[in-house]
Amino acid sequence: MKKNCCFPIVLSAPSGGGKTVVRSALVKSCADYVFSVTCTTRERRPEEVNGRDYFFVTAAEFMKMKEKGELLEWAEVHGNYYGTPVKSVTRAMESGRFPVMTIDVKGAASVRAIFPEALTVFLLPPSLEVLKARLRARGEKPERIDIRLKTACEEIKEAYKFDYLVVNDKLADTVKAVENLIKVNRMKIMYHLNFIKEFEKQLENDR
Ligand code: 5GP
């Protein structure tokens, strides 16, 4: 896979951690950031649009994509399959943009293995009470909330593997924090090798 000066931005969080809202605000904030739409076998929620929020596929279609190597990574989350089409990521990077991936912790580990330069950010609400309140506000049934909190117990164990943790309290502050992390990551020496080389050459010619 071709790599250039763009890197994937991975946002993970327990369900209710607010990564979807953060991602939407982030891609709105700058045309350089593009949401990498993923595939899922879960049922579409009323407010969701196929191709915008997810590509909603059947289990058979998902398996076919997996077998054909069309998925960069995939995971089973809450009993459904989710996977990132290779194209969602490569298209963005080849056009000089940064794919923003809101995926679970297993997916984040896979992306990290393929793109060690990926920026990985774990989001957490300020407290467990806030997490529960956000899940309730989404209209999740109590038994679904329990499942998601159980999954959160497993997910938080993976937080140590991320580059950064951002506490998602006020949306605007969270988005600013993630934007700042992206800016810092872009300053890594590895993305400026040509510029340094060119500068070096000019200095030598100037002597
Ligand atoms: P939800 O069903 O609430 O939209 O998503 C459930 C979980 O699956 C979330 O943690 C979400 O970030 C994650 N997810 C969504 N798409 C993908 C994907 O393509 N790959 C992986 N590994 N996780 C995903």
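Observations on the structure shown:
- Pair list, Cβ under 8 Å, 6 or more apart: the stretch 180-205 residue touching a residue at least 24 places away in the same chain (Cβ under 8 Å), other residue surrounded by 10 or more Cβ atoms within 10 Å (Cβ to Cβ) and among the aromatic types (Phe, Trp, Tyr): Leu181/Tyr164; Ile182/Tyr33; Ile182/Phe98; Asn185/Phe7
- If you filter the stretch 68-80 down to residues that are more than 9 Å from the ligand (Cβ to nearest atom) and modelled with pLDDT of 95 or more, you find that the one that is nearest to Arg42 (Cα to Cα) is Glu70.
- Tally of residues being farther than 20 Å from Val22 by Cα, acidic (Asp, Glu) and either open to solvent by less than 30 Å² (accessible area, probe 1.4 Å) or in a helix (DSSP H, G or I) (or both) across the stretch 35-63: 1
- When Ala25 is tested against (1) under 23 Å from Leu165 (Cβ atoms); (2) open to solvent by less than 20 Å² (accessible area, probe 1.4 Å), exactly one condition is not met: (2).
- Pick from the stretch 68-118, criterion in contact with a helix residue (DSSP H, G or I) (Cβ under 6 Å, 6 or more places away or on another chain) and among the β-branched types (Val, Ile, Thr), ranking: nearest to Gly18 (Cα to Cα): Thr102
- Restricted to the stretch 83-175, the set of helices (runs of 4 or more DSSP H) holding at least 1 residues that are away from the ligand (no atom under 15 Å from the Cβ) and surrounded by 14 or more Cβ atoms within 10 Å (Cβ to Cβ) comprises 86-94, 128-137.
The values are calculated or read from the model by the stated rules, or taken from the named source; none is laboratory data. Owing to the predicted nature of the structure, the values given are computational and were not obtained by experimental measurement. Neighbour counts run over all protein chains shown; Cβ positions are idealised from the backbone, glycine included. To get the accessible areas, we keep the full protein, side chains included, count just its heavy atoms, and leave off ligands, DNA and RNA. Shrake-Rupley method; radii C 1.70, N 1.55, O 1.52, S 1.80 Å.
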